[in-house]
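To start, the structure under review is shown below, and the notes come after it.
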Amino acid sequence: MEKIKLSGSDQVYEIRSISPIAAHILQIVFADAVPESWSGDIELYTAGDVLATTLTGWTTVYRDEGQTVYLSDDGSVYVPPADPEPVTPPEPYEPTLVELQTVKKHEISQACEQIIYAGISVALADGTVEHFALTEHDQLNLFGKQAQLAAGIEQLEYHSDGRPCRYYSAADMTTIITKAMWHVSYHTTYCNALNMWISGAQTAEEIQQIFYGANVPEKYQSEVLKAYLLQIASMAGDDKNATQTTQ
């Protein structure tokens with residue numbers, strides 16, 4: 001094992017390694033004892049106690065890590081990096097009122113479309129009930145049957161959900177078309193009123209309270225919506241009276 005000795009001292013120190021790691025930095029890894037001061041030259045001895053070389057000028061402790069010591073020959077010392085400045089987390093983003101209104105209108109539009117597309121159930125003349133989807137394609141096909149009705153055709157081909165195409169009487173087809181048109185028109189009108197409500201909302205809290213199915217404040221109800229609401233109330237009253245009559 002190599003050894004070093006400082007000039008002017010008889011103390012010998014066993015080392016594991018000695019090597020330069022930078023232009024003016026020398027690393028020495030000690031096996032056990034470490035010198036307390038570094039004045040004088042460093043004499044390096046081989047494992048056979050033969051003087052190998054003398055290193056001059058390495059008198060400044062650049063960095064002390066216990067058994068590993070770094071010396072400099074230009075007076076420089078290690079300066080640890082400064083602690084990084086604390087990073088203040090960014091404030092959570094607060095969307096503007098306009099952004100909230102835009103998001104809410106999209107939400108309402110999607111809900112309206114889903115309800116319209118889901119379609120209607122229609123009671124036919126023979127007492128059976130069939131369901132008819134009302135996607136845009138379905139609406140075009142179904143409303144196109146009006147031309148056939150106007151031409152006086154008594155048997156019109158069409159199909160309900162999940163069933164094969166069959167003939168419907170002119171009376172049944174008229175019922176289907178009437179209910180389909182009412183369904184699409186009502187929900188389109190109601191969706192429009194919700195959008196008017198959203199546009200008139202002044203706070204985020206008010207916007208959050210708006211959802212598809214909510215009762216629209218009267219000041220945002222159009223004349224058309226008011227007429228629909230009266231019709232719905234009338235139909236609900238008729239259903240209630242019919243129920244009471246059968247009891």
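The values are calculated or read from the model by the stated rules, or taken from the named source; none is laboratory data. Every value quoted in this text rests on a predicted model; they were computed, and no experiment measured them. As a convention, Cβ positions derive from the backbone with ideal geometry for all residues, glycine included, and neighbour counts pool all protein chains shown. These area figures cover heavy atoms from the full protein model, side chains too; ligands, DNA and RNA do not enter into them. Shrake-Rupley method; radii C 1.70, N 1.55, O 1.52, S 1.80 Å.
For this structure, a couple of remarks:
- Filter result for Ala47 (without any contact (Cβ under 8 Å) to a residue 12 or more places away in the chain, over 17 Å from Gly66 (Cβ atoms) and exposed (fewer than 13 other Cβ atoms within 10 Å of the Cβ)): no
- Contact map, the stretch 6-18: residues that are among the hydrophobic types (A, V, I, L, M, F, W, C) paired with residues that are assigned to a loop (DSSP other than H, G, I, E, B) and surrounded by fewer than 13 Cβ atoms within 10 Å (Cβ to Cβ), Cβ distance under 9 Å, separation 6+ or inter-chain. Pairs shown: Leu6/Ser37; Leu6/Ser39; Val12/Asp49; Ile15/Met1.
- Residue in the stretch 10-19 that is surrounded by fewer than 16 Cβ atoms within 10 Å (Cβ to Cβ), in contact with a Phe, Trp or Tyr (Cβ under 8 Å, 6 or more places away or on another chain) and closer than 25 Å to Gly75 by Cβ present: no
- Per-region count, the stretch 63-92, residues without any contact (Cβ under 8 Å) to a residue 40 or more places away in the chain, within 14 Å of Pro35 (Cα to Cα) and not basic (Lys, Arg): 4
- Flag for Tyr190 being touching a helix residue (DSSP H, G or I) at 6+ places or on another chain (Cβ under 9 Å), part of a loop (DSSP other than H, G, I, E, B) and in contact (Cβ under 8 Å) with a residue 60 or more places away in the chain: no
- Selection within the stretch 93-111 - of a type in the set (Ser, Thr, Tyr) and either open to solvent by 80 Å² or more (accessible area, probe 1.4 Å) or in contact (Cβ under 8 Å) with a residue 24 or more places away in the chain (or both): Tyr93, Thr102, Ser109
- Trp38 vs. criteria crowded, with 17+ Cβ neighbours inside 10 Å, part of a loop (DSSP other than H, G, I, E, B) and of a type in the set (A, V, I, L, M, F, W, C): no
- Out of Ser17, Ser7, Ser37, sole residue that is in contact with an Asp or Glu (Cβ under 7 Å, 6 or more places away or on another chain), under 17 Å from Leu71 (Cβ atoms) and not hydrophobic (A, V, I, L, M, F, W, C): Ser7
- Number of the condition not met by Ile207 [criteria: (1) of a type in the set (A, V, I, L, M); (2) in contact with a Leu (Cβ under 6 Å, 6 or more places away or on another chain); (3) part of a loop (DSSP other than H, G, I, E, B)]: (3)
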